[in-house]
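Encoded as structure tokens, the structure appears first; notes follow it.
The values are calculated or read from the model by the stated rules, or taken from the named source; none is laboratory data. Everything numeric here is computed off the predicted structure, so don't read it as measured data. In this analysis, Cβ positions are derived from the backbone assuming ideal geometry, glycine residues included, and neighbour counts consider all displayed protein chains. Side chains are part of the model used for accessible areas, which takes the heavy atoms of the whole protein and leaves out ligands, DNA and RNA. Shrake-Rupley method; radii C 1.70, N 1.55, O 1.52, S 1.80 Å.
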2 protein chains.
Amino acid sequence: MPESIPVDSVGLVTPQTHHFDQPLTLDCGRVLAQYDLIYETYGELNAAADNAILICHALSGDHHAAGYHSMDERKPGWWDSAIGPGKPIDTNRFFVVSLNNLGGCKGSTGPNTINPDTGKLWGPDFPIVTVRDWVESQARLANILGITQWAAVIGGSLGGMQVLQWAIDYPERLRHAVVIAAAPNLTAQNIAFNEVVRQALRSDPGFHEGRYAEHGVVPAHGLKIARMLGHITYLSDDAMRKKFGRELREGKISFGFDVEFQVESYLRYQGESFVDRFDANTYLLMTKALDYFDPAAAHGGDLSAALAHVQARFLVVSFTSDWRFAPERSREIVKALLDGDKPVSYAEVEAHHGHDAFLIPIPHYFDVFHSYMALIAQEVSP
Amino acid sequence: MPESIPVDSVGLVTPQTHHFDQPLTLDCGRVLAQYDLIYETYGELNAAADNAILICHALSGDHHAAGYHSMDERKPGWWDSAIGPGKPIDTNRFFVVSLNNLGGCKGSTGPNTINPDTGKLWGPDFPIVTVRDWVESQARLANILGITQWAAVIGGSLGGMQVLQWAIDYPERLRHAVVIAAAPNLTAQNIAFNEVVRQALRSDPGFHEGRYAEHGVVPAHGLKIARMLGHITYLSDDAMRKKFGRELREGKISFGFDVEFQVESYLRYQGESFVDRFDANTYLLMTKALDYFDPAAAHGGDLSAALAHVQARFLVVSFTSDWRFAPERSREIVKALLDGDKPVSYAEVEAHHGHDAFLIPIPHYFDVFHSYMALIAQEVSP
């Protein structure tokens, strides 16, 4: 719980939910007849409605990107470092929208909400959603909010993939695209890690073919393993060395299978705390959205062709120690944009934090981010 | 099954077992009153008994390093590429010894053998063994075979760690130490991967606190996940890209959780075939031996001090794309040896295969290996 709300915080925020009645045909061919999206907004939409920013979340993210839901909340939203008065995404200048994506588990329609056709939880029957589906649902939310064109769409990791898809699907609806620690598609290694996660979740005897809620259980071991493995790939080898090294928790080896090294303790804690706050079916859907994302595929693998019609100006940021979405993957995006004579700024930030760097206010990163956002702010109406 | 035994193969081989009655006090403080070691030999020990080579195996390896157990055997031993007539470890010149380590599951005393005190399987009661324990048991095997001094002790990965330990514990008992794709200890990231594997094995409901054999089951899901994860870390990102890319098994996306990408198919196969040929308790012991290995720890982290009394000449080999035991880890060994004015040859081999490269006859690697072994051969008696 914050003793008091910091002055550079957006403060107390209350999520809102919009119910959509217009059916949404998904990439997989199935139709969502109706659905809810939960979202938060920070700052004020100006009269011209040209100062709106969309935040797209990553695998385990949600709509709660900044501020506090109550004075009892221990930690602020997941990107509070970047969103607030005077921060890179300055809420004195911008109207910021952040939603929980379809298939999520934090309030938008997804596996742990009721399927109106059956009156039961969707569970594993929830359709597989893609980055394109999310962009479509986000565009409809923009319509509801009276936002014809975003000043910028911004996201890191899987969020950055949504930004790319926005620029491709709705070239006229965003002026800037900020793509952080992302990639134009997953590598075989990325897919392989996702597949291990899926096996861990689906082979947990508590999974019950995805109908664990009906059995009153959760696949806790699978979720724990998924999160532990995720954490290894979010941190760099170097970050782990700096943070934990070979330090022993009790100072000496015990010759047993209880926690011995600090890094084991950290991972177990991360894994266990995840079980209470995330849903296995949602996790599975997120891994599939990641695996499938590949806008160049429809153009014979030519990313430049996929980006031929984008109109947004781009800021692309990568981090040197990010081995999940390495800098060379960001450079593929930059090269494809340059090959098409598209305006793009690129920052490759020296950082030892690994993929997680995108959430951390590293000075070089935030200087670039802040400057770029200040340029965007100059373009918006008063 | 080989249609015929290749001419550069050691041919048909038969493992032998030696029963040791002399108690072995382990690092953990417990005592093995008696134990068996299973081993194979290739080539002939010369009259001077100075042409003997010890092969140390890695995590999932065993005594069957070369040749075939029968004409029905589909594949030869795990390091057949390197061991045989005319190969780097030339069985026309050398007498090669390869054993299954204590705690293993292929014939040496370990969790799936009978504890003489109880008449039941050891299972999880088998003591945690260390690299030092293995070296001690290997030294006793050398005594039995009449080998006072090895011409060389050779190993890759965890096997390379045993080579280092040999040079430290028995400086006068080996003339050469060949350390391939190894490290002086595990990084926090390495330990973290091992911990995920342990969690996957131990949380499998088939694990039964390690007493799965008594229940007539195996923790198949845990073993599968462990092996899948292992394979990701044995291959480089680049090797996976070259081998699988984003290729789809059926040519198109199915929007489901069956195998879609070729890399998923490969990993599932590797994981499933491992279940039938490896033991979960052994796997757990191997990960602990890896985690604990740290010869510099007893010298305040000073590896050069740990190696101060080694007498062996060293060949150290690393592979550029090995991210499990990266070249910089091998260079730590080389530097520590050079700081102590110890003779060491070092080859950093350009290879995209990742950690698995140590098993692959890459020309540059095998040229170096062959040349170094030829020099050793010149030193041995006719």
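Take A:GLU272, push a point 7 Å out from Cα through the beta-carbon direction, and compare it with the same point in every other copy: 3.5 nm, smallest first.
The mean sequence distance of close C-alpha pairs (under 8 Å, at least 6 residues apart), as a share of the length of chain A, puts its relative contact order at 17 percent. In straight-distance terms, cross-link reach from A:LYS288 covers every one of the lysines whose alpha-carbon lies under 17 Å from its own, apart from those fewer than eight places away in the same chain; here that gives B:LYS252.
At a temperature of 25 °C and a viscosity of 0.890 mPa s, determine how fast the range A:212-314 diffuses translationally according to Stokes-Einstein, using the Kirkwood radius over alpha-carbon pairs as Rh; express D in µm²/s, rounded to the nearest whole number. Can you show the working numbers first?
On the way: Rh = 17.2 Å.
The Stokes-Einstein estimate is 142 µm²/s.
With a/c under 1.5 counting as rounded, go ahead and sort the protein assembly as shown into rounded, prolate or oblate using the C-alpha gyration tensor (a ≥ b ≥ c being the square roots of the eigenvalues; past the cut-off, prolate if a/b is larger than b/c, else oblate). Note, shape of the protein assembly as shown comes out prolate.
Bridgeable aspartates and glutamates around A:LYS120 (alpha carbons under 15 Å apart, same-chain partners fewer than 8 residues away excluded): A:GLU214.
For A:VAL131, neighbours were defined as the other residues whose beta-carbon sits under 12 Å from its Cβ, and their charges (Lys and Arg +1, Asp and Glu -1) total -4. Solvent-accessible area of B:HIS208, all protein chains in place: 70 Å² (probe radius 1.4 Å, heavy atoms, ligands and nucleic acids excluded). What is the list of residues in the range A:153-174 whose amide nitrogen lies under 17 Å from a point 7 angstrom out from the Cα of A:GLN22, following Cα to Cβ? So the set is A:169-174. Starting from the label point of A:THR118 at 7 Å along Cα→Cβ, the same points in the other copies fall at 4.5 nm, in ascending order.
When the chain is fully extended, how far beyond the present Cα-Cα distance does B:HIS309 get from B:GLU73, taking 0.36 nm per residue of separation? Don't jump to the answer; show the numbers that get you there.
Numbers: separation 236, 0.36 × 236 = 84.96 nm, distance 4.35 nm.
Working it through step by step, the gained length comes to 80.6 nm.
Relative to the other identical copies, A:LEU375 shows label-point distances of 5.7 nm, where the label point lies 7 Å from Cα along the Cβ direction and values run shortest first.
Counting Cβ atoms of other protein chains within 10 Å of each residue's Cβ and taking the mean over peptide A:223-229 gives 4. Shape analysis of the range B:48-192 places it in the rounded category; the axes a ≥ b ≥ c from the Cα gyration tensor give an a/c below 1.5.
Under the definition of partner shielding as Cβ atoms of other protein chains within 10 Å of a residue Cβ, what is the mean value for peptide A:247-256? Present the calculation step by step, with values, prior to reporting the outcome.
Working: counts 1, 1, 0, 0, 0, 0, 9, 2, 11, 3.
Counting Cβ atoms of other protein chains within 10 Å of each residue's Cβ and averaging gives 3.
Would the range B:319-382 count as rounded, prolate or oblate if I go by the C-alpha gyration tensor, calling it rounded below 1.5 in a/c and otherwise prolate when a/b exceeds b/c, oblate otherwise? Note, shape of the range B:319-382 comes out oblate. Closest approach of a chain A Cβ to the axis relating A and B (residue, whole Å): A:PRO205, 3.
Near B:ALA52, the amide H atoms lying under 5 Å from its own belong to B:PHE95, B:ALA151; only residues 5 or more places off or on other chains count, and H is placed 1.01 Å from N. In order along the range B:366-377, the phi-based Karplus estimate (6.51 cos²θ - 1.76 cosθ + 1.60, θ = phi - 60°) of 3J(HN,Hα) comes to 6, 4, 4, 4, 4, 4, 5, 5, 5, 5, 4, 4 Hz; Gly and Pro are listed as x.
Average partner chain C-beta neighbours within 10 Å, per residue of B:194-207?
On the way: counts 3, 13, 13, 2, 2, 11, 10, 1, 2, 8, 4, 5, 1, 0.
Across the residues of B:194-207, the mean count of other-chain Cβ atoms within 10 Å is 5.
Taking amide H as placed 1.01 Å from N in the peptide plane, A:SER157 has its amide H under 5 Å from the amide H of A:ILE180, A:ALA181, A:ALA182, each at least 5 places away in sequence or on another chain. From helices alone, chain B scores -10500 deg cm²/dmol at 222 nm; the rule is -39500 (n - 2.57) for each run of n ≥ 4 DSSP H residues, then divide by the residue total. Checking every one of the GluC sites (Glu not before Pro) in the range B:184-279 against DSSP loop status and a limit of 16 other Cβ atoms within 10 Å picks out B:GLU214, B:GLU247, B:GLU250.
Just to verify a number: FRET efficiency for A:GLU272 and B:SER4, C-beta to C-beta distance, R0 = 56 Å, to 0.05? Each step should come with its number before you reach the end.
Working: r = 56 Å, r/R0 = 1.00.
Rounded to the nearest 0.05, the efficiency is 0.50.
When Lys and Arg each count +1 and Asp and Glu each count -1, what net charge do the other residues less than 11 Å away from B:LEU102, Cβ to Cβ, add up to? Mind dumping the intermediate values first?
On the way: positive: B:ARG140; negative: B:ASP36, B:ASP133, B:GLU136.
Spelling it out: positives minus negatives among the neighbours equals -2.
Estimated at 0.36 nm per residue, the fully extended path between B:ASP302 and B:LYS243 surpasses their Cα-Cα distance by 17.2 nm. With K and R counted +1 and D and E -1, the other residues having a Cβ less than 15 Å from that of A:SER81 yield a net charge of -3. Using bins 5 angstrom wide from zero, how does P(r) for the range A:19-113 break down, in % of all Cα pairs? Taking all Cα pairs of the range A:19-113, the binned fractions are 3, 13, 19, 20, 19, 13, 9, 4, 1 percent.
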